[in-house]
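> Got a structure for you, questions after.
The values are calculated or read from the model by the stated rules, or taken from the named source; none is laboratory data. If you're wondering where the values come from, they're calculated on a predicted model, not measured in any experiment. Cβ: placed from backbone, ideal geometry, glycine included. Neighbour counts: every protein chain shown. The protein model used for the area step is the full one, side chains on, heavy atoms only, and it has no ligands, DNA or RNA in it. Shrake-Rupley method; radii C 1.70, N 1.55, O 1.52, S 1.80 Å.
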Amino acid sequence: MRFHFALTLQALWTGVCQAAMQHYPAAAWGHYDVCKSQVYSDEGLSWDYMACQPEAADMTQYLKVTLDPPNITCGDPPETYCALENPYMCNNECDATTEELAHPPGLMFDTEGRNPTTFWQSTSWKKYPKPLLVNITLSWNKTIELTEDIVLTFESGRPEQMVLEKSLDYGRTWQPYQFYATDCLDAFTMEPKTVQDLTQHTLLDIICTEDYSRGYVWKNDKTVRFEIKDRFALFAGPQLHNMASLYGQLDTTKKLRDFFTITDLRIRLLRPATGATMVDENNLSRYFYAISDIKVQGRCKCNLHANSCVYDKEKLSCECEHNTTGPDCGRCKRNFQGRAWSAGSYLPIPKGTANVCERKDKRVWATPLNHVRPNVSSLGVANRKEARVCDNELLRCQNGGTCISNVHCNCPPGYTGLLCEKRRCESELGGCGGPDSGQAHLTPPSTSRLLLLLLLGSALLREAACRPAVL
């Protein structure tokens with residue numbers, strides 16, 4: 001009976017474990033969504049610290065957009081536009097004073113899927129041959145780590161010349177991310193390449209690609225991309241299965257980590273789609289820029305010291321853990337400068353290394369790095385007498401104990417410990433078999449039961465001896 005019960009328990013446990021693994025398939029890569037967890041030991045409650053980071057999100061919800069020149073948006077004065085592929089179809093009107101006909105910059109970031117499609121639109125190329133130049137700057141006032149491809153969707157044909165730039169110092173200086181052109185040699189004196197031409201050693205190279213600049217012949221191809229995941233795949237493999245390799249490189253190569261980090265993006269539109277080798281000077285209302293969507297997926301950079309980032313008063317900031325502080329958790333808190341600040345580490349997977357800032361006065365806190373004494377201010381209160389030791393949800397008193405005012409557990413006679421997790425007899429003379437242990441005494445089986453067990457065992461042995469062996 002007991003053997004059958006044990007098998008049943010094993011089957012149930014195996015099923016629970018398999019379900020858990022199926023529900024969290026990425027755990028082997030390291031999600032890094034928990035900064036610390038409470039563990040119990042003989043010394044009481046302690047913290048186990050882990051590297052952590054916020055979940056990736058749509059970062060266009062938190063940006064500020066700036067256009068240069070400021071009056072480049074169409075509609076003031078009202079203007080009528082023609083279709084690029086048909087110069088005689090001129091029924092698109094832009095009027096900034098009419099909501100249904102206006103195309104302000106905010107429409108680059110609104111909800112997609114509307115009918116008709118909403119988009120920002122520039123003025124037409126009415127000053128040709130003077131270049132139609134537009135700078136669209138996206139600013140977060142916060143350091144951001146990119147996690148997905150940057151994707152721009154154009155509604156007027158993709159530009160024939162464009163540059164995507166990044167800043168790491170809030171727009172004070174800029175570096176190119178990628179060049180785009182129908183003819184890279186002619187536009188930027190660069191040999192055309194694609195992201196597939198890159199290797200681990202050339203991943204940081206700035207390339208010019210012709211893949212996203214074809215004219216109206218390819219009018220169904222509306223998107224222009226900057227490929228983040230293809231670059232990740234150079235280290236993590238095509239399906240990003242070997243994340244340990246990528247995390248190791250990000251940990252040890254600052255230039256690689258900085259490559260995927262930004263505070264601002266700038267889209268420099270240099271020449272609109274023309275759809276031909278020559279510009280039709282008699283119908284310049286065919287040439288303009290129109291963008292219906294910009295996708296930027298990423299997370300706040302918190303140096304692996306925070307798992308959440310809050311947006312308050314139009315500003316993003318990390319909610320720092322590990323005794324760190326600052327916009328990016330980039331320094332130790334006051335009185336926690338016992339050792340130099342260091343960013344967390346992704347390795348070893350799946351928990352990483354927290355690199356917690358230590359207290360300055362180690363004579364007062366002579367505890368291990370990852371150990372926190374119970375009932376102290378690091379449990380979330382200023383007065384240790386107010387610290388939450390137990391409750392009726394996560395920190396339940398065990399073995400029938402009762403939580404008293406969240407301060408201590410009132411344990412039953414046979415148990416002790418912070419959460420009544422230890423048997424009292426374990427620390428007593430004679431162990432848990434002693435008369436005062438509080439545990440049930442072991443009684444030897446009766447003579448009749450012992451005889452019955454011997455007879456059953458003998459019968460089973462005889463039956464087994466008579467059966468032929470099965471291979």
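> Give me the residue from the stretch 40-64 that is open to solvent by 50 Å² or more (accessible area, probe 1.4 Å) and touching a Leu at 6+ places or on another chain (Cβ under 8 Å) and, out of that set, nearest to residue 144 (Cα to Cα).
Step by step, filter the stretch 40-64, then rank; the result is 62.
> Right, next: For a quick check of your reading: which helices (runs of 4 or more DSSP H) sit entirely within the stretch 221-306 and have at least 2 residues that are modelled with pLDDT of 90 or more and on the phi < 0 side of the Ramachandran plot? Let's see the steps before the verdict.
On the way: elements: 229-236, 243-252, 254-259.
Those helices (runs of 4 or more DSSP H) span 229-236, 254-259.
> Please work out which residue is nearest to the chain's Cα centre (by Cα), limiting yourself to the stretch 92-126 and to residues that are in a loop (DSSP other than H, G, I, E, B) and more than 19 Å from residue 154 (Cα to Cα).
96
> If I ask for residues that are farther than 18 Å from residue 61 by Cβ, of a type outside the set (S, T, N, Q) and either surrounded by fewer than 17 Cβ atoms within 10 Å (Cβ to Cβ) or without any contact (Cβ under 8 Å) to a residue 60 or more places away in the chain (or both), which ones from the stretch 307-326 would you list? Break it down into steps so the answer makes sense when it comes.
We begin by selecting, within the stretch 307-326, every residue farther than 18 Å from residue 61 by Cβ; these are 307, 320-326.
Those still in the list that are of a type outside the set (S, T, N, Q) too: 320-322, 326.
Hits for the stretch 307-326 are 320, 326.
> Is at least one residue of the stretch 6-24 modelled with pLDDT of 85 or more and either open to solvent by 60 Å² or more (accessible area, probe 1.4 Å) or among the hydrophobic types (A, V, I, L, M, F, W, C) (or both)?
no
> In the stretch 230-250, which residues are open to solvent by 50 Å² or more (accessible area, probe 1.4 Å) and over 22 Å from residue 193 (Cα atoms)?
Correct list: 239, 241, 242, 249.
> Tell me which of these residue 288 doesn't satisfy, since it passes every other one: (1) in contact with a Phe, Trp or Tyr (Cβ under 7 Å, 6 or more places away or on another chain); (2) over 25 Å from residue 72 (Cβ atoms).
(2)
> For the stretch 196-213, state whether one or more residues are in contact with a Leu (Cβ under 8 Å, 6 or more places away or on another chain) and under 20 Å from residue 300 (Cα atoms).
No, every residue in the stretch 196-213 fails to be in contact with a Leu (Cβ under 8 Å, 6 or more places away or on another chain) and under 20 Å from residue 300 (Cα atoms).
> Exactly one condition in (1) touching a strand residue (DSSP E or B) at 6+ places or on another chain (Cβ under 7 Å); (2) surrounded by 14 or more Cβ atoms within 10 Å (Cβ to Cβ); (3) farther than 24 Å from residue 142 by Cβ is not met by residue 80; state its number.
Answer for residue 80: the failing condition is (2).
> Still on this structure, please answer the following. For the stretch 251-274, what are the residues that are open to solvent by 70 Å² or more (accessible area, probe 1.4 Å) and of a type in the set (Gly, Ala, Ser)?
Listed by number, the list is empty, since nothing qualifies.
> Tell me which residues, restricted to the stretch 65-77, are touching a strand residue (DSSP E or B) at 6+ places or on another chain (Cβ under 6 Å) and open to solvent by 60 Å² or more (accessible area, probe 1.4 Å).
Within the stretch 65-77, 66, 68 meet the criteria.
> Taking the condition among the basic types (Lys, Arg), surrounded by fewer than 21 Cβ atoms within 10 Å (Cβ to Cβ) and in contact with a helix residue (DSSP H, G or I) (Cβ under 7 Å, 6 or more places away or on another chain), does residue 130 pass?
Spelling it out, it is not the case that residue 130 is among the basic types (Lys, Arg), surrounded by fewer than 21 Cβ atoms within 10 Å (Cβ to Cβ) and in contact with a helix residue (DSSP H, G or I) (Cβ under 7 Å, 6 or more places away or on another chain).
> Let me ask you something else. Before we move on, is residue 199 open to solvent by 50 Å² or more (accessible area, probe 1.4 Å) and among the hydroxyl-bearing types (Ser, Thr, Tyr)?
yes
> Among residues belonging to the stretch 231-282 that are in contact with a strand residue (DSSP E or B) (Cβ under 7 Å, 6 or more places away or on another chain) and polar (S, T, N, Q), point out the one that is nearest to residue 128 (Cα to Cα).
The selected residue is 263.
> Please determine whether any residue of the stretch 117-124 is buried (at least 19 other Cβ atoms within 10 Å of the Cβ), within 24 Å of residue 165 (Cβ to Cβ) and of a type in the set (Ser, Thr, Tyr).
yes
> Output yes when any residue across the stretch 53-73 is polar (S, T, N, Q), closer than 30 Å to residue 245 by Cα and either touching a residue at least 24 places away in the same chain (Cβ under 8 Å) or not in a loop (DSSP other than H, G, I, E, B) (or both), and no when none is.
Yes: one or more hits.
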